[in-house]
Amino acid sequence: MDPLVIVGYLAGTLTTISFVPQVMRAWKLKETRDLSLAMLLLFAAGVILWTLYGTWIGSLPIIAANTITFILILVLLGLKIKYT
């Protein structure tokens, strides 16, 4: 596998799993007051654009990481709405 692709997968994995502790914390504590709705919405929009970009250039690491990140953001948004 191309080293550049490996770096892409590693970067995508690290940035994606960085959301997991926040999702787990919000889920466990049923508390999302510290999460900015504006930040989540803007980040979600950026992640969608990154996914589109990855699709256009045919980069599976970008597509995979941002698709999973978008799902995690949706979970956080759902928890934010539920626990408001």
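The values are calculated or read from the model by the stated rules, or taken from the named source; none is laboratory data. Quantities reported herein were computed from a predicted structural model and do not represent experimental measurements. Cβ coordinates were reconstructed from backbone atoms using ideal geometry, including for glycine residues, and neighbour counts include every protein chain displayed.
Out of all the residues in region 24-39, which are assigned to a helix (DSSP H, G or I) and surrounded by 17 or more Cβ atoms within 10 Å (Cβ to Cβ)?
Within region 24-39, just 26 meets the criteria.
Among the residues of region 44-58, count how many are surrounded by fewer than 18 Cβ atoms within 10 Å (Cβ to Cβ) and either touching a residue at least 24 places away in the same chain (Cβ under 8 Å) or in contact with a Cys (Cβ under 9 Å, 6 or more places away or on another chain) (or both).
1
Step by step: first the residues of region 18-30, then only those that are in contact with a Leu (Cβ under 9 Å, 6 or more places away or on another chain) and at negative phi, then the one that is modelled with the lowest pLDDT. Which residue is that?
That would be 19.
Taking the options 73, 63, name whichever one is aliphatic (A, V, I, L, M) and either farther than 16 Å from residue 19 by Cα or part of a loop (DSSP other than H, G, I, E, B) (or both).
Within the list 73, 63, the selection yields 63.
Looking at region 9-23 only, could you name the residues that are surrounded by fewer than 16 Cβ atoms within 10 Å (Cβ to Cβ) and not in a helix (DSSP H, G or I)?
18
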